[in-house]
Amino acid sequence: MSDTSFLNWPFFDERHRDVALAVDEWARQNLPVDHSDVDVACRALVDSLGNAGFLKHTGSDEAGKLDVRTLCLVRETLARHDPLADFSFAMQGLGMGAVSFFGTHSQRVWLEKTRSGRAIAAFALTEPGSGSDVANLSTIAERVEGGWSLSGDKTFISNGAIADIFVIFARTGEAPGARGISAFLMPADAHGLTSSERIEVIAPHPLTSLKLDRVFLPDSALIGKSGEGFKLAMAVLDVFRPTVGAAALGMARRALDEALERTRTRRIQGEPLASLQMVQGHIADMALKVDAAALLIYRAAWAKDMGAARISREAAMAKLYATEAAQEVIDMALQLHGGDGVRQGFTVEALYRDVRALRIYEGASDVQRLVIARSLL
Ligand code: COS
């Protein structure tokens, strides 16, 4: 196992240490899984993570509690062993985040299913014409008798083809821009909803576009108040952005472990690579980035768990720093592997591909800079 001394930091209680060790033990026995068919792999991962009891941490319990430190610890541990397992875990949380925080009693029935692995969740926000610019999304939800009729296109929807339930954002038009958007709970079998295009990416996972053609959703599908969907989306992202940082941290820890192993065993001029001071300098920089990322991530998670109303700045700092630092740590680990670093079948080669999207999804790095700067200005 990687260095676990960080678990003694004052951010954590005994239950956090227990969960981190339990997930690591489970991951050693069950991961990595076969990625040759990612849809099959993700369905199986949701099933096995549910059976192991870990998915309960992805949503709030009956008392409304969701522990962000636990979410982060599970994500970093899974990502260290198999980034696809982290993806399957994380999507249950992000997908159902709005229901966790703002769902009605009847909407929470879905949460029970996603927290046990009996249903797969997805978060449908991004559109072909609006990625970072959420306030200008154009999927329309029109008022009809007994509910709403939704039409439009969504894209880059993780779990798009395999989800049972979506939280979807659409324009209800109370006001222009951010103040005219609402959130809805939409089952995958809703009439008029199709998964329109498969999107193949640098590190494959079940990613598709969605088409909505007059999809009827009843009044009971509205999450929170109409017109407040933008704030709701941002509140959910505030909680999940530190967890993206945690996934990046798990990948960076793994890369550091791989670099340590490589430089201790690979010999140059009769000595281990690690005996070179220049290599030691790189190792030191990697370890520094790992710890700095962890401090920002668990500061944000701890602040939320302690009851902070809003952690936008802390969350943005955690996501921005941890994902950028992980990219650098993994790049250096790859470099220290020489030619083997770019060979398929080597862990660092896969990590190099796996980490890249994290600097883009759930708010690209420049969006995080914007959030941080606005909080200061
Ligand atoms: N929590 C609660 N309310 C928030 C909020 C948050 N974190 N962030 C913004 N708001 C509120 C603002 O206070 C403002 O409210 P008022 O109209 O009452 O003043 C409203 O929401 C609009 O905010 P703002 O003017 O900052 O919106 P912008 O259009 O400028 O957007 C960014 C801000 C770019 C930060 C936002 O669109 C964003 O995060 N984009 C990235 C989206 C993303 O992560 N996509 C990935 C999807 S999942 S892969």
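So here's what we get for this one:
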| quantity | calculated |
| --- | --- |
| Anisotropy class of the stretch 97-247 from Cα gyration tensor, a/c 1.5 cut | rounded |
| Simple spin-label estimate for Leu7 and Ala135 in nanometres, 7 Å along Cα-Cβ | 4.4 nm |
| Cα gyration tensor shape for the stretch 5-116, rounded if a/c is under 1.5, else prolate or oblate | oblate |
| Residue exposure sequence - Phe216, Phe166 - by fewest surrounding Cβ within 10 Å | Phe216, Phe166 |
| Expected 222 nm ellipticity per residue - DSSP helices of 4 or more, -39500 (n - 2.57), all of the chain, to 500 | -17000 deg cm²/dmol |
| Proxy reagent accessibility, fewest Cβ within 10 Å first, across Lys65, Lys211 | Lys65, Lys211 |
| Kirkwood hydrodynamic radius of the chain, Cα pairs, Å | 21.1 Å |
| Listed residues Glu228, Glu261, Glu328, most fluctuating in the chain (Gaussian network, C-alpha, under 10 Å) | Glu261 |
| Choice from Ala248, Ala259, Ala274 showing the highest fluctuation, given a GNM over the chain with Cα pairs closer than 10 Å | Ala274 |
| Paramagnetic reach from Gln344 in the stretch 27-66 [backbone N under 18 Å; point 7 Å along Cα→Cβ] | 33-39 |
| Exposure proxy ranking, count of Cβ atoms within 10 Å, fewest first, for Arg253, Arg108 | Arg108, Arg253 |
| Where Cα atoms sit under 12 Å apart: lysine pairs in the chain separated by 8 or more or lying on different chains | 4 |
| Positive minus negative residues near Phe346 (Lys, Arg vs Asp, Glu; Cβ under 9 Å) | -2 |
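Just so you know, all these numbers are worked out from the coordinates, no wet-lab data involved. In this text the structure is predicted, and so the values were computed from the model without any measurement. Every residue, glycine as well, gets a Cβ built from its backbone with ideal geometry; the counts of neighbours run over all protein chains shown.
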